[in-house]
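Peer 1: The structure's right below; bear with me while I get my questions together.
Bear in mind these aren't lab numbers, they're just calculated from the coordinates by the rules spelled out. Not measured: the values here are computed from a predicted model. So basically every Cβ, Gly included, is an ideal-geometry build from the backbone, and we count neighbours across all protein chains shown.
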Amino acid sequence: MVELLVKSKVKEFVSSIDKDMRVSPEFYEALEAEVKALIEKAVKRAQAEGRKTLYARHV
């Protein structure tokens, strides 16, 4: 399975919001699943429009 997220960047972003907040491995897994589901829905919307390119409106 392809990993889409860069964990260090997620952690960096979380730290920019709250320096004391930590990220569990389960969070990365859940976030990865959400991102993949979002992309799958966007692909289906684009296909329904007959598009082969994803645009912001497909999100």
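Peer 1: In segment 45-59, what residues are surrounded by 10 or more Cβ atoms within 10 Å (Cβ to Cβ) and part of a helix (DSSP H, G or I)?
Peer 2: ARG45, ALA46, GLN47, ARG57, HIS58, listed by residue number.
Peer 1: For segment 7-20, what are the residues that are of a type in the set (A, V, I, L, M, F, W, C) and surrounded by 10 or more Cβ atoms within 10 Å (Cβ to Cβ)?
Peer 2: VAL10, PHE13, VAL14 - these are the residues of segment 7-20 that are of a type in the set (A, V, I, L, M, F, W, C) and surrounded by 10 or more Cβ atoms within 10 Å (Cβ to Cβ).
Peer 1: Another question, then. Give me the residue from segment 21-35 that is loosely packed, with under 13 Cβ neighbours inside 10 Å and either over 19 Å from VAL59 (Cβ atoms) or among the charged types (D, E, K, R) (or both) and, out of that set, nearest to the chain's Cα centre (by Cα).
Peer 2: Taking the candidates together, the pick is GLU34.
Peer 1: Also, quick follow-up: Mind checking which pairs have a first residue in segment 27-52 that is within 25 Å of VAL6 (Cα to Cα) and a second that is among the basic types (Lys, Arg) and assigned to a helix (DSSP H, G or I), Cβ under 8 Å, 6 or more apart or different chains?
Peer 2: TYR28/LYS7
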